[in-house]
Amino acid sequence: MVKSLKYTLSIIFSFIICYSQGQDATSEKEDYWDLSLDELMNLEVSTASKSIEGINDAPGIITVITSDEIKSFGGMNLVDVLERVPGLVPMSSYFFAHNMLSVRGDLPNHNDSHTLILINGRPVRFSRTGGLNNTIFTSFPLKLIDRIEVVRGPGSVLYGSNAYSGVINIITKSEEKNFIDASIGYGAYGTLTGDLTYSHLFGKDLKLHAGLNYFNEDGWEQNVVDEFGNTQSASTSERNMGLMAGLAYKGLTLNTLFTDSDLASLGFIPKWPMDVSEVNLQMIDLGYNWKLKPSLSMNFNATYNGYNWTYPVDRPGSTPENITNSINTTNDYLFEFSASKKFKDNVNLILGGTGYSLNGVEPDDYSLFWWNVYFQSDIKITDNIKLIAGGQFNKPETSDLDFVPRLGAVVSVNDQLGIKALYSQAFRSPYYVESFVAIPNVLMGNADLKPEKVKSFDFQVYYNTEKFQSNISVFRNKQEDLINRVAVQGETFQTFDNDGERLIMGLEFESKYVPSSKLLISSAFTYTKNEDGNGVEGSTFAPAFTAKLGASYKLTDGFNVGIFNTYVSEFGKISVINPGVNEVNPEADGYNLLSANLTLNVGQLFNATKLTNFGIDIYASNILDKDVFIPETTRKRINTIQYRGGAALYAKLTYRLQK
């Protein structure tokens, strides 16, 4: 780990030295902590329609996190950032640290397969297990992000499998200026950090943007009783490195993401001692946008999703001498074509199709093929009313041909008030592990699984003024053919089955108030209620209430402070589903996560021109020092596991040079 840190820091400072040569010593002064009223109040989005449109016109319930908000409220990784989004609750399982994301009360098991991650609109998912997103959440370079569009609700019509309860589109910066931004930091639990963001224009048309992130933490102490009644205490160490780079030349784009993470957890089953899993992710996308005329364009994309995951196989009865490492390798290729056409000024249409070549290498070889074709259209029947219709035909190799539709209406009552009424269906196809895995005495696949389906109704009323933005939404999600791990009568292993359905209903409120460029106030509230097909309430174990409140204020030039609190109510109890669960750990009670972030531009704060390029970031998390426990939702044999450590303080020194 020390060698990795030295290597990362050497890269950062080499870039600084090389880039500094030939630059004007009196670089342009930039108040990059300043909030933009125009950006916050007139947001444009692209995720819901695969085209640029105003957030109030988009056929989706969408929250946008801007780069200004990330800078103002801080955070060590995407987990901290997404914690602040309405309806989202980041979590972990005993095997996958930071991998679970509850969206609107839908709480997954190990795999985050109900939330689809997009990088600049391109999907990242893996055919072997579906939803291992933790290395993205912990490694992605935050300073390279322009905005994050979070769609709460189905997105399968345009994006296919996994766009089930939500879609998160991470959109990187494409500024047309040359700069370098580098930082090093230290913090609680022996944390060492380093990051580098680089942007350069080559002539008029060629742009390069890149971000490198490094995080190494000895870890907080986890102290729980495992599935076999053993109690120990150990550090939840983690090491993460992420490199994101984008190259654009006219209509041609190349986006790449490489991550490498070592994450400690209780392992293959919730059993002491802790194990360390290594995860490597590669995403490469080559795209071309061909504008035939102003009203007609075509898009071609070839995307590679690669995944390497190594973990110790520590089965019941294992000893250190017979524990072996399992190596899982996935190479998936996506080829997508779409065409967008605008008819006059009131009709938009997109048609597309995707072919998926899904390939596993280790521990067993497989090759599968999926395909889909989709369409979506919107028409403005009056200046104030837009209707939306779309659908996708999809065919995974192991399932029958299926169709999911989307219908909706967006009504602008006036310049400030509007209504959205949306109906969508989505699906989540079974992945290789669920269909074909074979781990003796632990887990066996089921080749007869059907895709999970959800039918979702959303109704939103939004109200905006020049400085105030708010909306209130109600939703109803009916989930069917859910794939769950179930016990096998008379056997010690579990298997997968389409064993049930679930109804989730809820209400969301969100607002942002920007009375001036110095102050931002953000608030959100979510209430959800769920029951399974047998009428059992609380079967997702997700918290019923979340309330989120933050304020960011620019005290003086070069000095900004942001404070944010997330309240999460108590979680559901595993005993609702398994009355015989071992109640051996503290309950998953409600908690407050209070954080604070200070950003200082040294030169502006002290009126020292020579120090204008230097900044200091100080971030404090879990200030109230709360112990956070969450339900063990996968095997359901112990009641809870520990999710995060206590109060922590981190500091970074930043250097930014702009031509």
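The values are calculated or read from the model by the stated rules, or taken from the named source; none is laboratory data. Owing to the predicted nature of the structure, the values given are computational and were not obtained by experimental measurement. A quick note on method: Cβ atoms are made from the backbone with ideal geometry, for glycine too, and the neighbour counts reach across all protein chains shown. The accessibility values were calculated without ligands, DNA or RNA, using every heavy atom of the protein model including side chains. Shrake-Rupley method; radii C 1.70, N 1.55, O 1.52, S 1.80 Å.
Please determine, by comparing only the residues of the stretch 285-335 that are aromatic (F, W, Y) and at pLDDT 90 or above, which one is nearest to the chain's Cα centre (by Cα).
The extreme case among them is Y307.
Counting only residues that are within 27 Å of the chain's Cα centre (by Cα) and not charged (D, E, K, R), how many does the stretch 390-416 have?
Within the stretch 390-416, residues that are within 27 Å of the chain's Cα centre (by Cα) and not charged (D, E, K, R) number 12.
Does the stretch 164-192 hold any residues that are open to solvent by 10 Å² or more (accessible area, probe 1.4 Å), β-branched (V, I, T) and more than 21 Å from the chain's Cα centre (by Cα), and which are they?
The one that is open to solvent by 10 Å² or more (accessible area, probe 1.4 Å), β-branched (V, I, T) and more than 21 Å from the chain's Cα centre (by Cα): I184.
For the stretch 129-152, which positions are open to solvent by less than 10 Å² (accessible area, probe 1.4 Å) and assigned to a loop (DSSP other than H, G, I, E, B)?
G131, L132, N133, F140, P141
Among residues belonging to the stretch 463-489 that are hydroxyl-bearing (S, T, Y) and surrounded by fewer than 21 Cβ atoms within 10 Å (Cβ to Cβ), point out the one that is nearest to A409 (Cα to Cα). Steps first, please.
The initial filter retains those residues of the stretch 463-489 that are hydroxyl-bearing (S, T, Y), namely 463, 465, 470, 473.
Right, trim to surrounded by fewer than 21 Cβ atoms within 10 Å (Cβ to Cβ) and you get 463, 465, 470.
Values: Y463: 17, T465: 22, S470: 19 Å.
Checking each candidate, the answer is Y463.
Of (1) surrounded by fewer than 19 Cβ atoms within 10 Å (Cβ to Cβ); (2) at pLDDT below 90; (3) out of contact with any Lys or Arg (no Cβ under 7 Å at 6 or more places or on another chain); (4) not charged (D, E, K, R), G558 satisfies all except one. Which?
Going through (1) surrounded by fewer than 19 Cβ atoms within 10 Å (Cβ to Cβ); (2) at pLDDT below 90; (3) out of contact with any Lys or Arg (no Cβ under 7 Å at 6 or more places or on another chain); (4) not charged (D, E, K, R) one by one, G558 breaks only (1).
Kindly check whether there is at least one residue in the stretch 217-238 that is within 26 Å of G646 (Cβ to Cβ) and aromatic (F, W, Y). Reasoning before the result, please.
Taking the stretch 217-238 first, the residues within 26 Å of G646 (Cβ to Cβ) are 217-227, 229-238.
If we keep only those that are aromatic (F, W, Y) too, we end up with 220.
Within the stretch 217-238 (the criterion being within 26 Å of G646 (Cβ to Cβ) and aromatic (F, W, Y)), the answer is yes, since at least one residue qualifies.
Give the number of residues within the stretch 63-119 that are buried (at least 23 other Cβ atoms within 10 Å of the Cβ), farther than 26 Å from S552 by Cα, modelled with pLDDT of 90 or more and of a type in the set (A, V, I, L, M, F, W, C).
2
Return the residue satisfying two criteria in turn: it lies in the stretch 540-589 and is of a type in the set (V, I, T) and not in a strand (DSSP E or B), and of such residues it is nearest to D68 (Cα to Cα).
Restricting to residues being of a type in the set (V, I, T) and not in a strand (DSSP E or B), the top hit is T540.
Does the stretch 265-286 hold any residues that are in contact (Cβ under 8 Å) with a residue 60 or more places away in the chain and under 22 Å from I439 (Cα atoms), and which are they?
S265, L266, G267, F268, I269, P270, S277, V279
If a residue has to be open to solvent by less than 10 Å² (accessible area, probe 1.4 Å) and under 10 Å from G246 (Cα atoms) to count, how many in the stretch 193-215 make the cut?
2
Has the stretch 305-319 got at least one residue that is in a strand (DSSP E or B), open to solvent by 30 Å² or more (accessible area, probe 1.4 Å), over 22 Å from T135 (Cα atoms) and touching a strand residue (DSSP E or B) at 6+ places or on another chain (Cβ under 8 Å)?
First, pick out the residues of the stretch 305-319 that are in a strand (DSSP E or B): 305-313.
Cutting the leftovers down to open to solvent by 30 Å² or more (accessible area, probe 1.4 Å) gives us 308, 310.
The next check asks that each one be over 22 Å from T135 (Cα atoms); those that pass are none.
Checked the stretch 305-319: no residue is in a strand (DSSP E or B), open to solvent by 30 Å² or more (accessible area, probe 1.4 Å), over 22 Å from T135 (Cα atoms) and touching a strand residue (DSSP E or B) at 6+ places or on another chain (Cβ under 8 Å).
Scan the stretch 494-535 for residues that are outside any strand (DSSP E or B) and loosely packed, with under 14 Cβ neighbours inside 10 Å and jot them down.
Result: N534, G535.
Just one of L351, L422 is open to solvent by 50 Å² or more (accessible area, probe 1.4 Å), farther than 30 Å from T310 by Cβ and either free of Cβ contacts under 8 Å to residues at least 40 places away in the same chain or touching a Leu at 6+ places or on another chain (Cβ under 8 Å) (or both); which is it?
Of L351, L422, the one residue that is open to solvent by 50 Å² or more (accessible area, probe 1.4 Å), farther than 30 Å from T310 by Cβ and either free of Cβ contacts under 8 Å to residues at least 40 places away in the same chain or touching a Leu at 6+ places or on another chain (Cβ under 8 Å) (or both) is L351.
Does F541 count as under 26 Å from I638 (Cβ atoms) and out of contact with any Leu (no Cβ under 7 Å at 6 or more places or on another chain)?
no
Look through I563, I577 and report the one residue that is open to solvent by 30 Å² or more (accessible area, probe 1.4 Å) and at pLDDT 95 or above.
The conditions single out I563.
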